[in-house]
Each structure stands twice: as C-alpha cells, then as structure tokens.
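First comes the structure, then the notes that go with it.
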Amino acid sequence: MLAGARTDRRVRDGYTARATEYTELFGDVAQLDARDRKRIVGWADEIDGPILDAGCGPGQWTAYLADRGREAQGIDLVPAFVATASARFPHVSYRVASLLDAGVRPGSLGGVLAWYSLIHASPDELPTLLTAARCAIREGGGLLVGFFDGVDGEAFPHAVTTAHYWSRPGMSAQLERAGFVVVDSEARVDEGRRPHASISALAV
C-alpha cells in the first residue's frame, strides 16, 4: 500500500495488523478477478523497460509479471508485506519504500503499476504521489492505476483504514496535471462490491 507522508503511519499500522488475513484473501492471482489479470497483463505487455509495482502488498502481481518475463520489482510501506512477498517469491525483488522515496533514478522506469495502492491517499496527497510516479517513469512510459469508482475524493470506511473514491474523469484530471496523458479507462460494477475503475496513462 501507498499513501502520503501524513497517512503513511496509519496505513502501515492498519495493514500490518491484518497482513496475514489480507495475504490469504488477495495474495494469490488465481483467486483474483480474471478481468484484472487481463487488464494488468495487457498493460504490462506494452511496457518497454522495468516495471515498479508500487504498493505491491503481498507481492502477487509483481511475481505474476516477473513470471511472464517482465523486469518487475515491488515496493510497499508495510514491512510485513515485503517480508511475506520475499519469502513467497524469492526470485523477485521487494523492498520497503514509498513512491515518494522509491530509490529509483528519475526516468528509469518503463512503467508503474499502482493497483489499488493509492486508495488511502487523501485528495491533497494524491497529486504528490502521481508526480513522484511521473518523475520515475521515462517519457512514453506507462502508469496503470486501479481504484474505487465514485465521487471525487469522497472518503469511506475501508476495512483497514480510511480510503477515497475517484471518478474516472476526476482521476484523469489528476493524472493530466501530474504529466500524463490518458490512454484508456474501464469500469465495472459487480454485485456486493464497490464499483471498480482503472486508467492507463502515458508519461509525456
């Protein structure tokens, strides 16, 4: 998971307390929606260069991409997630870090995957995180963001800690201000779940 500087501790503590439960629920790509697999793999197949899974959680997407031959590494604020990911997928690089201090050279990445990892950032923190992602990605590289679709910036009581909705137009505007151009977006509503959306964007 990722957040802004003020939210980091709340997010870290919340996910640390539930790391085992979260890994059991979401730590296996085979358990996750096939549409998400198609979306992420389709995006990654168009990326030229290293991919940073920013807010990698228990590391399932990082490993999935690495196993498909992509140069992927994962970062997360939660040490328990990084330890779990490193143990489960020892052939993949994971470390404790944030987008604000990712430890990568500016313009060195082909892409950043931020799949539901920005949902806890407050509306005033999100632009800083997106700008940090843009700084790390080379011109023409890609960003894929997954998030909960709803009223821009509206807070809701996520099971771990407060999270925020964004509409596709609202998130697109945030991305454009950070130096991206939107390539495409998708959304869906499944019974019993919060509305989903994702946006693919290029660094310009």
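The values are calculated or read from the model by the stated rules, or taken from the named source; none is laboratory data. Please read all numbers here as calculations on a predicted model, not as lab measurements. Cβ placement follows ideal geometry from the backbone for every residue including glycine, while neighbour counts extend to all protein chains displayed. To get the accessible areas, we keep the full protein, side chains included, count just its heavy atoms, and leave off ligands, DNA and RNA. Shrake-Rupley method; radii C 1.70, N 1.55, O 1.52, S 1.80 Å.
In the stretch 90-105, of all residues being within 23 Å of Ile119 (Cβ to Cβ) and hydroxyl-bearing (Ser, Thr, Tyr), the one that is surrounded by the fewest Cβ atoms within 10 Å (Cβ to Cβ) corresponds to Ser98.
Across the stretch 157-204, the number of residues qualifying as in a strand (DSSP E or B) and in contact with a Lys or Arg (Cβ under 8 Å, 6 or more places away or on another chain) comes to 10. For the stretch 103-119, a tally of residues being within 14 Å of Cys135 (Cβ to Cβ), assigned to a loop (DSSP other than H, G, I, E, B) and modelled with pLDDT of 95 or more returns 5.
Test of understanding: among Gly142, Gly146, which residue is in contact (Cβ under 8 Å) with a residue 12 or more places away in the chain, farther than 24 Å from Gly14 by Cα, in a strand (DSSP E or B) and not hydrophobic (A, V, I, L, M, F, W, C)? Step through it out loud before you land on a result.
Working: Gly146 fails: farther than 24 Å from Gly14 by Cα.
Only one candidate qualifies: Gly142.
Out of the residues in the stretch 125-139 that are surrounded by 15 or more Cβ atoms within 10 Å (Cβ to Cβ) and outside any helix (DSSP H, G or I), state the one that is farthest from the chain's Cα centre (by Cα). Across the stretch 125-139, the extreme among qualifying residues is Arg138. For Tyr116, indicate whether it is on the phi > 0 side of the Ramachandran plot and aromatic (Phe, Trp, Tyr). Yes, satisfied. Taking each residue of the stretch 172-189 that is under 23 Å from Lys38 (Cβ atoms) and looking for partners that are surrounded by 16 or more Cβ atoms within 10 Å (Cβ to Cβ) and of a type in the set (Lys, Arg) with beta-carbon atoms closer than 7 Å, six or more apart or interchain, yields Phe180/Arg134; Ser185/Arg168; Glu186/Arg39; Ala187/Arg168. Confirm whether Ser108 is within 21 Å of Leu65 (Cα to Cα), open to solvent by 20 Å² or more (accessible area, probe 1.4 Å) and free of Cβ contacts under 8 Å to residues at least 24 places away in the same chain. Here the answer is no, as Ser108 does not meet what is asked.
Residues that are under 19 Å from Leu126 (Cβ atoms) and more than 14 Å from the chain's Cα centre (by Cα) within the stretch 64-108 comprise just one, Asp101.
When Ala87 is tested against (1) in contact with a Ser or Thr (Cβ under 9 Å, 6 or more places away or on another chain); (2) open to solvent by 10 Å² or more (accessible area, probe 1.4 Å); (3) within 15 Å of Ile75 (Cα to Cα); (4) not in a strand (DSSP E or B), only condition (1) is not met. Restricting the stretch 1-13 to residues that are more than 13 Å from Ala159 (Cβ to Cβ), part of a loop (DSSP other than H, G, I, E, B) and open to solvent by less than 70 Å² (accessible area, probe 1.4 Å), the residue that is modelled with the highest pLDDT is Thr7. Scanning the stretch 56-76 for residues that are touching a strand residue (DSSP E or B) at 6+ places or on another chain (Cβ under 7 Å) and open to solvent by less than 10 Å² (accessible area, probe 1.4 Å) turns up Cys56, Gly57, Gly59, Thr62, Leu65, Gly74, Ile75, Asp76. Filtering the stretch 151-185 to residues that are exposed (fewer than 14 other Cβ atoms within 10 Å of the Cβ) and farther than 17 Å from Pro123 by Cα leaves Ala159, Val181, Asp184.
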